[in-house]
Amino acid sequence: MWLVFALASALLAGLTSILAKCGIRKTDSDVATAVRTVVVVVFAWTMVGVAGSFGQIADIDARSLLFLILSGLATGASWLCYFRALQLGDVNKVVPVDKSSTVLTIVLAFVFLGERVSLATAAAVASIGLGTLLMVEKRDVAGEPGARRGGWLPFAILSAVFASLTALLGKAGIEGVESNLGTAVRCVVVLAMAWLVVLVKGKGRLVRASPRRELGFLCLSGLATGGSWLCYFRALQKGPASVVVPVEKLSILVSIGFAFVAFHERLTRKGFTGLCLVTAGTLAMVAL
């Protein structure tokens, strides 16, 4: 069943990005992240209530709580670095670098969790890595407002590193903890970080200025995110991180599919080749 949860996580994660795009046309990105996180937290704790896990809060040991908090901090840091990279660089360069967290997660899972990496696995990782490189220039956004060159790469790399740490710390934190409860605890940490960023940057007033229609899309995006996280950490609890993470990254197929239908966005030939390699490598990881 962990594979089913991983695939469901990918579907919801892909839908999340489309709904979020509809919600940030005029809304500040930091505010959007904070608003979405509120919905995610409410959703996560509602699921805790449905699962009847409230009584297990006191049973979370110090080690698990520490790893859940660290996982939440890693998620928040990843988001901060990701959006900073998008502010400084082109989307078609930043996004593929961020997605390289798949390869890094597999390497870290081998080093720290002792998960085996066969020659076939290495070949799949190489396919994912090469495909990511090919997708770096999948579309030219240099002329879009806010797109600037230089300085984005360190932030994009840090985003990928923190995303990888999120998965590994999350897996360590949910050992012996009910998955819904573990996700809810982690979400609270992300919520605190998101609103702290809004307050520190003095953007609190922008919340009320956001269009209601966009706030609606952000709420839907938050629900999709909450569902994706619950499925993702349920899959991590039962399956190997080296497979769960690549499957979840199949959300890129969902995002591209919805983007083609909703926004008529197309991949270049080079980008499509890269996408095929990433997909092939991911599916190979599942089959191993």
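The values are calculated or read from the model by the stated rules, or taken from the named source; none is laboratory data. Computed from a predicted structure; not experimentally measured. Glycine also receives a Cβ, built like all others from the backbone with ideal geometry; neighbour counts cover every protein chain displayed. Calculation scope for accessible area: heavy atoms of the full protein, side chains included, ligands and nucleic acids excluded. Shrake-Rupley method; radii C 1.70, N 1.55, O 1.52, S 1.80 Å.
Here are the numbers for this structure:
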item	result
Of all residues making up region 236-288, the number that are of a type in the set (Lys, Arg) and more than 24 Å from Ala109 (Cα to Cα)	3
Matching entry among Thr16, Thr75 (being in contact (Cβ under 8 Å) with a residue 12 or more places away in the chain, out of contact with any Phe, Trp or Tyr (no Cβ under 9 Å at 6 or more places or on another chain), open to solvent by less than 50 Å² (accessible area, probe 1.4 Å) and closer than 19 Å to Ile252 by Cα)	Thr16
Check on Ala241, surrounded by 21 or more Cβ atoms within 10 Å (Cβ to Cβ) and either under 27 Å from Thr183 (Cβ atoms) or more than 19 Å from the chain's Cα centre (by Cα) (or both)	yes
Answer residue from region 127-140, given it is open to solvent by 60 Å² or more (accessible area, probe 1.4 Å) and at pLDDT 75 or above and is farthest from Lys99 (Cα to Cα) among those	Leu130
Cys219 open to solvent by less than 10 Å² (accessible area, probe 1.4 Å) and in a helix (DSSP H, G or I)	no
Residue within region 162-172 that is buried (at least 24 other Cβ atoms within 10 Å of the Cβ), modelled with pLDDT of 50 or more and touching a Lys or Arg at 6+ places or on another chain (Cβ under 7 Å) present	yes
Residues located in region 222-238, provided they are over 21 Å from Ala32 (Cα atoms) and open to solvent by 10 Å² or more (accessible area, probe 1.4 Å)	Cys231, Tyr232, Arg234, Gln237, Lys238
Those residues of region 40-67 which are open to solvent by less than 80 Å² (accessible area, probe 1.4 Å), farther than 20 Å from Ala172 by Cα and part of a helix (DSSP H, G or I), in sequence order	Val40, Val41, Phe43, Trp45, Thr46, Met47, Gly49, Ala51, Gly55
Candidate set: region 257-288, residues that are aliphatic (A, V, I, L, M) and without any contact (Cβ under 8 Å) to a residue 40 or more places away in the chain; chosen: the one nearest to Ser118 (Cα to Cα)	Ala287
Test: residue in region 266-288 that is open to solvent by 60 Å² or more (accessible area, probe 1.4 Å), of a type in the set (Gly, Ala, Ser) and out of contact with any strand residue (DSSP E or B) (no Cβ under 9 Å at 6 or more places or on another chain)	yes
Members of region 111-121 found to be outside any loop (DSSP other than H, G, I, E, B) and loosely packed, with under 15 Cβ neighbours inside 10 Å, listed by number	Val111, Phe112, Leu119, Ala120
